[in-house]
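What follows is a single structure, written as structure tokens, with notes after it.
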Amino acid sequence: MSKLKMVFESVERPLEISAFDFDDTLVKTKSSIHMTNPRGESVTMTPAEYAVYEPQSGDRFDFSDFEHLKNPTPIAYMVLKLNYAIRNWGTKNVFILTARGNPAPIRAFLNDMGVPDIRIYALGDGDPQAKAEVIRREILLRKSVDVVRFYDDSAKNIAAVNALQREVRPTKIIAVKIG
């Protein structure tokens with residue numbers, strides 16, 4: 001065996017975790033958030049609109065559209081990134097983080113697309129801190145994580161995950177806003 005080959009084999013490969021949001025990051029759907037404001041007015045929002053909406057006191061939200069997938073269309077380049085991450089880092093180091101409360105339709109959709117089984121954190125919560133907390137726990141579960149890649153369409157979620165950087169050094173966080 002050549003010395004060069006022995007050196008490459010002895011170098012420890014860095015550990016990377018990749019986390020993907022689902023709606024408007026991996027897939028577009030026709031699902032909507034229905035809101036009734038305190039004046040009784042009904043408003044329907046897309047996931048992208050909801051991501052930037054600042055809830056007001058008295059707003060009531062209906063997320064029932066998210067119990068299933070309505071006309072899902074994969075975002076091809078992001079599905080390629082997901083499959084690339086799985087190939088490179090394995091199914092234990094790649095996961096979905098979604099505000100949806102039910103992982104079953106996501107699992108079925110990914111299986112239909114031939115994506116290997118990966119963990120799906122269906123948080124049932126749109127709070128950006130909920131996603132940041134899952135990533136923090138994932139880092140702490142491992143001895144060493146060199147890089148965390150996080151893909152999401154929400155600037156609020158990106159900011160919450162980026163804020164972890166101070167807490168999890170020397171892990172490098174790369175949070176990418178999609179769309």
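Might you let me know whether the stretch 42-55 holds any residue that is of a type in the set (Ser, Thr, Tyr), in a helix (DSSP H, G or I) and closer than 30 Å to ARG142 by Cα? Checked against the condition, which is being of a type in the set (Ser, Thr, Tyr), in a helix (DSSP H, G or I) and closer than 30 Å to ARG142 by Cα, the stretch 42-55 yields no hits at all. Take THR29 and tell me if it is surrounded by 13 or more Cβ atoms within 10 Å (Cβ to Cβ) and at pLDDT below 95. For THR29, the condition - surrounded by 13 or more Cβ atoms within 10 Å (Cβ to Cβ) and at pLDDT below 95 - is met.
All of ASP127, ASP153 fail the test of being surrounded by 13 or more Cβ atoms within 10 Å (Cβ to Cβ) and closer than 12 Å to PHE20 by Cβ, apart from ASP153.
Exactly one residue out of ILE178, ILE120, ILE139, ILE106 is touching a Ser or Thr at 6+ places or on another chain (Cβ under 8 Å) and either surrounded by fewer than 16 Cβ atoms within 10 Å (Cβ to Cβ) or farther than 15 Å from ASP21 by Cβ (or both): that is ILE139. Please go through the stretch 81-134 and pick out each residue that is touching a helix residue (DSSP H, G or I) at 6+ places or on another chain (Cβ under 7 Å) and aromatic (Phe, Trp, Tyr). Of everything in the stretch 81-134, just one residue is touching a helix residue (DSSP H, G or I) at 6+ places or on another chain (Cβ under 7 Å) and aromatic (Phe, Trp, Tyr), namely TYR121. Against the test of being surrounded by 15 or more Cβ atoms within 10 Å (Cβ to Cβ) and assigned by TED's automatic domain parsing to the domain that holds ARG136, the options ASN88, ASN93 yield a single qualifying residue, ASN93.
When ARG60, ARG13 are checked against the criterion of being outside the structural domain of ILE120 (by TED's automatic domain parsing) and either modelled with pLDDT of 95 or more or under 26 Å from the mean Cα position of the chain (by Cα) (or both), a single residue qualifies: ARG60.
Here ASN111 passes the criteria (1) polar (S, T, N, Q); (2) surrounded by fewer than 19 Cβ atoms within 10 Å (Cβ to Cβ); (3) within 18 Å of PHE63 (Cβ to Cβ) except the one numbered (3).
The values are calculated or read from the model by the stated rules, or taken from the named source; none is laboratory data. Just so we're clear, the structure is a prediction, and the values are computed from it rather than from any experiment. Virtual Cβ from ideal backbone geometry, glycine too; neighbours counted across all protein chains shown.
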